[in-house]
Amino acid sequence: MFNWFRRHKDNKENNPVTSTPIETPSIIEEKKTEEITATTDQASLEWAKAAFANIQKQKQQSQGTEEEKRTETISESVIENEIESTPVETATISSETVTEVKEIENIEKNVPAWLQKSDRLEVLKETAIEPEKEFDEDFLWSAQILASQGRLPDDVSEDEFIWLKKLRQSLGKTRRNLINQLKSVVGQGPLNQEAVMEIEAMLLSADVGVEATDYTINTLQNKLKEEALPPEEAIAYLKEILQQVLDEPLKKLIKTEFEPVEGKLNIWLLTGVNGAGKTTTIGKLAHLAQTSGYKCVIAAADTFRAAAVEQVKVWGERANTPVICNQGQNTDPAAVVFDGINAAMAREANLLLVDTAGRLQNKKNLMEELAKIRRIIDKKAENAHIESLLVLDATLGQNGLRQAQVFSEAAQLTGVVLTKLDGTAKGGVALAICQQLNLPIRFIGAGEGIEDLRPFSSYEFVEALLSA
Ligand SMILES: Nc1nc2c(ncn2[C@@H]2O[C@H](COP(=O)(O)OP(=O)(O)OP(=O)(O)O)[C@@H](O)[C@H]2O)c(=O)[nH]1
Ligand SMILES: [Mg+2]
């Protein structure tokens, strides 16, 4: 099982393919620049090949297990058929047919999603797989991102590749706007007035916000005054600055990693204006937690909107997670939370996710209701670990941020979930959130599907934002 919160496999039952860590700079410091680039590229490719081979192997193993289960089921049905006096021969023939069909399906399934859409699949079926010829840019980029974080090729999952590709594509619009202009203005010594204005306009239009933009430009300018950096190095330094901004809210915390705390009930309260993506995020989080090995319960505490409970129940079914709700309309949401806590404790769940309303008769009512929910949680689950996450729609940019202050007081916010990064050119809002709200981003959503939400990594985000 792959734990998405810790980013590694919890039980390594698979035999790893030989690990190939990328050469560190200290090993290659004696080599010339061109040699270094070539060596690093080669090492990256080796790493990517090992990861690819490992993913293939994992898939074959899991398919093997599925096949075994299936064979067992077929054998059982043969026995049943015998009892029911159906000729055994018929059952055997159908079992062979099933295996044949399965084999054809296996070829399809063995090929990762990033290859499936093209006619390369046909080529792969006919020829031996030579992965290095088939890797696309997204795969190689993802491999590089994982390898440079010290990950080993036998401890990555295919889901990570799929997610990194999605993240990179989601930030594509923002990246293209930024990178093309940046290259033309950095790398010629200290920034002149015109360059400062250009970078400023660029960051502001990506919704980085005034404060984070000023900080970024000043820090970059100070460095460029000290030493003349070529464009690539200036951009690398810019990446460092942005990552620093994103990590700043973590400095006040004792533990920076975000995962359900062990040995306790964890309660994550999700708040935000209507349409921000709270309910969708709850469904995706439940799926993420369940598939990462945590036991989860959902409390449907949006009792204001008529269809809200039904919507949560659909997500609960998709994520295979029980939903605690009260069918009546306008029932007390704090009472639902109370029941939710009882249910989570009775089931010895690790995580209770609380969905809340985004709109009431007026804002004052909503804030009072959230404050009441929060009080119930504090009182009823004294020993629980509580996280209060504000869900923000990335496409709303600075408007979304203004709402945050109000929620901050009522719900005692501890973090942010940034949704709808797919298709926006305003991915820079992540920086404004960290700088202005001083709250860490904990998850990002990039699509409406159940797998389209993952824990936030400042490193991966900045690389997806600024890697050419
Ligand atoms: N493209 C995209 N759409 C999203 C994402 N997250 C949520 N949505 C969509 O946004 C819409 C609103 O999502 P909900 O989860 O219902 O929002 P909510 O905050 O619960 O809204 P209320 O219950 O009205 O307060 C839905 O159509 C979702 O599919 C995302 O990351 N990307
Ligand atoms: Mg909702």
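Read the figures in this text as sums done on the coordinates, not as results from a lab. Note that the structure is predicted; figures quoted are calculated from it, not measured. Cβ placement follows ideal geometry from the backbone for every residue including glycine, while neighbour counts extend to all protein chains displayed.
Points worth noting:
- N218/E194 FRET efficiency (R0 25 Å; Cβ-Cβ; nearest 0.05): 0.90
- Over the stretch 382-468, the ratio between the Cα radius of gyration and 2.2 N^0.38 Å evaluates to 1.10.
- Over the stretch 300-444, volume per residue of the alpha carbon convex hull, in Å³: 120 Å³
- Evaluated over the stretch 345-388, the Cα radius of gyration and Dmax, each in Å: 12.4, 37
- Over the stretch 281-409, relative contact order from alpha-carbon pairs under 8 Å, at least 6 apart, %: 26 percent
- Contour minus Cα-Cα distance for E448 and E348 (0.36 nm per residue): 33.0 nm
- Scattering curve values for the stretch 275-384, log₁₀ I(q)/I(0), Debye with Cα scatterers, q = 0.10, 0.12, 0.13, 0.24 Å⁻¹: -0.26, -0.37, -0.44, -1.41
- A simple charge model with +1 on the Cβ of Lys and Arg, -1 on the Cβ of Asp and Glu and nothing else charged puts the dipole of the stretch 366-468 at about 320 debye relative to its Cα centre.
- Size descriptor, Kirkwood hydrodynamic radius, that averages inverse alpha-carbon separations across the stretch 349-417, Å: 13.1 Å
- When the stretch 235-297 is reduced to its Cα atoms, the Kirkwood hydrodynamic radius in Å: 14.7 Å
- Convex hull volume of the C-alpha atoms in the stretch 281-344, normalised per residue: 67 Å³.
- For N266, the residues 5 or more places off, or on other chains, whose built amide H falls under 5 Å of its own are L351, L352, H385.
- Neighbour-count ranking [beta-carbon atoms within 10 angstrom, fewest first] of W315, W163: W163, W315
- By definition, a body whose alpha carbon gyration tensor gives a ≥ b ≥ c is prolate when a/c is 1.5 or more and a/b is larger than b/c, and the stretch 160-301 fits this prolate description.
- On the basis of the beta-carbon distance and an R0 of 25 Å, K255 and Q412 show a calculated FRET efficiency of 0.90.
- Proxy reagent accessibility, fewest Cβ within 10 Å first, across M202, M345: M345, M202
- Pairs of Cα atoms farther than 18 Å apart, the stretch 181-260, %: 43 percent
- Efficiency of FRET between Q61 and K380 - r from beta-carbon atoms, R0 41 angstrom, step 0.05: 0.40
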